[in-house]
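To start, the structure itself, in structure tokens.
None of the figures in this text is laboratory data; all of them are computed from the coordinates on show. Note that the structure is a prediction, hence the values are computed from the model and not measured. All Cβ positions, glycine included, derive from the backbone under ideal geometry; neighbour counts span all protein chains shown.
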Amino acid sequence: MTTPELPTGEQLLRALATSGNKLPGIWSLLGMDGAEIENGKVSFTLASRPQFANPLGTVHGGICATLLDSVMGCAVHSTLGPGFGYSTLELKVNYIRSVGTEGVRLTGTGTVIHTGRSTATAEGRVHDEQGRLVAHGTTTCLIHAPK
């Protein structure tokens, strides 16, 4: 009896992004789309909306933090072999400018800096539709070996 081959992290992300099905969890909740996936680099986009507002009426910083966590984590995942997983150990975000809630298109891009046996690091940037830097950050991820 043979067991089916598990996909690599990059293969799994590509399959999710191109499935045409409702995307899992946070991608659907925030309306992330426009996935661009390559080994060690991932980009997603989302459009701001009134539900993302903080008390000052601009996009809450947690939206950019979540976008950064997603693209940086998925960039790490894209470098992992079959059956490997990851979880965020640390997330550092720097906010550069505020964003309106009226459908501003944000693009987050995460790039792996280093993938080791037990941890990986990545950096990310969020730009608005005019190409202006909105936020940037770094992450450290714990790598989970297959069971």
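Details
- Rounded FRET efficiency, nearest 0.05, which uses the C-beta distance separating T58 from D33 and R0 of 25 Å: 0.70
- In plain terms, the C-alpha convex hull of the chain casts an average shadow of 9.5 nm² when viewed from every direction.
- Neighbour counting of Cβ atoms within 10 Å sorts the residues M72, M32, fewest neighbours leading, into M32, M72.
- Compared with the dominant Cα axis of the chain, that is its longest principal axis, helix 61-77 is turned about 20°.
- Sparse-neighbourhood loop sites, trypsin sites (Lys or Arg not before Pro) in the stretch 16-94 - DSSP loop, at most 14 other Cβ within 10 angstrom: K22
- Positive-end residue, the chain charge dipole about Cα centroid, Cβ charges, pick of L56, G100, L80: L56
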